[in-house]
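Report on the structure given below.
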């Protein structure tokens, strides 16, 4: 029987705000001008190491969901005086044409169970994700991913019928101690095109774009890692 690894939630983010800033997750100082009214401010590198030129940006800590904001506050980041980094995740298929996207139309938009899909990369807020780290003490970087447009909603694998190949990925209320909403972003965060492992039942499942229908609206799911291009993100 496979032994499941449980993330050490007690670590709660990083040891200090300074270490978050060094990783490019957190930037202290005043929120960037215009980020509340004109949308998140844009930046162009994934990490402080400059390993990738994937576009992202920063938003005020105060715009995060209360659950996640409280975690950041306990590390000394005061709302209104610090910003959190967000990123766009491009699928490796079709040379990065499509991004990880939260559905923003119809009655389910922004609600629990809302579809997470591929969509042509447009750098819109529903395609922007904030990685909030629970454990960055190892190369694993276990995190939950909050959507910028819907700040109470996080990237979540639907486990209502148990987790298996093809389980849909959705938006769901951000919460602690939820392994079906925790992801291993270590290799991606250090600048590599990589799998994004689900931490529940690790390493059985990765974030996967349904291979038979790559394009706008393609359902995101979890699937056994098989080395296919639709399972890689950059």
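Read-outs throughout are calculated quantities, based only on the coordinates presented, and are distinct from any laboratory measurement. All values reported here derive from a predicted model rather than from experimental measurement. For neighbour counting, all protein chains shown are included, and Cβ atoms are generated from backbone atoms with ideal geometry for every residue, glycine included.
Below are the figures for this structure:
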quantity: For the range 170-234: relative contact order, % (alpha-carbon pairs under 8 angstrom, 6 or more apart); calculated: 29
quantity: Gap separating the Cα centres of the range 101-131 and the range 165-217, nearest whole Å; calculated: 15
quantity: Cα gyration tensor shape for the range 142-234, rounded if a/c is under 1.5, else prolate or oblate; calculated: rounded
quantity: Highest to lowest packing among 141-149, 95-103, scored as the average C-beta count within 10 Å; calculated: 141-149, 95-103
quantity: Length released on extending from residue 224 to residue 120, taking residue separation times 0.36 nm less the Cα-Cα span; calculated: 35.0 nm
